[in-house]
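The values are calculated or read from the model by the stated rules, or taken from the named source; none is laboratory data. Just so it is clear, the structure is predicted and the values come from calculations on it, not from any experiment. Every residue, glycine among them, receives a Cβ derived from its backbone with ideal geometry; neighbour counts consider all protein chains shown.
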Amino acid sequence: MSNNKKSSADLARQAAQTLRDDSASKMAKRLAGSVLAQRDGTKRTGADLEDDASMVMRSKKFSPETKAFAASVVSQSEKSR
């Protein structure tokens, strides 16, 4: 089943800022890149990134911003998985 969701403009702006931030974690940058890639609504989250995003959402060590990126990535995953 197709998923027509796409990243919001506000979240995409935050993701762009995160990618430019030298102090952002590797995971935050990975998720931010996915958020930006999904901005137009044509790309979907891969299974490995879905797993990482799920782990981020369950963890207490990640910032609310990183968790927002993770939530966006998970919401745009393939529904069949």
First in the range 44-58 and under 10 Å from Ala70 (Cα atoms), second anywhere and exposed (fewer than 14 other Cβ atoms within 10 Å of the Cβ) and at pLDDT below 95, Cβ under 7 Å, 6 or more apart
Glu50/Arg81
By residue number, the members of the range 59-75 that are in contact (Cβ under 8 Å) with a residue 24 or more places away in the chain and closer than 16 Å to Gln14 by Cα are Phe62, Ser63, Glu65, Thr66, Ala68, Phe69, Ala70, Ser72, Val73
Pairs returned, first residue in the range 21-34 that is within 15 Å of Ser59 (Cα to Cα), second residue that is at pLDDT 95 or above and of a type in the set (S, T, N, Q), beta-carbon separation under 8 angstrom, 6 or more apart or interchain, are Ser25/Thr66; Met27/Thr66; Ala28/Thr18; Ala28/Ser63; Ala28/Thr66; Leu31/Thr66
Would you confirm whether any residue within the range 16-29 is of a type in the set (D, E, K, R), within 15 Å of Glu65 (Cα to Cα) and in contact with a helix residue (DSSP H, G or I) (Cβ under 7 Å, 6 or more places away or on another chain)?
yes
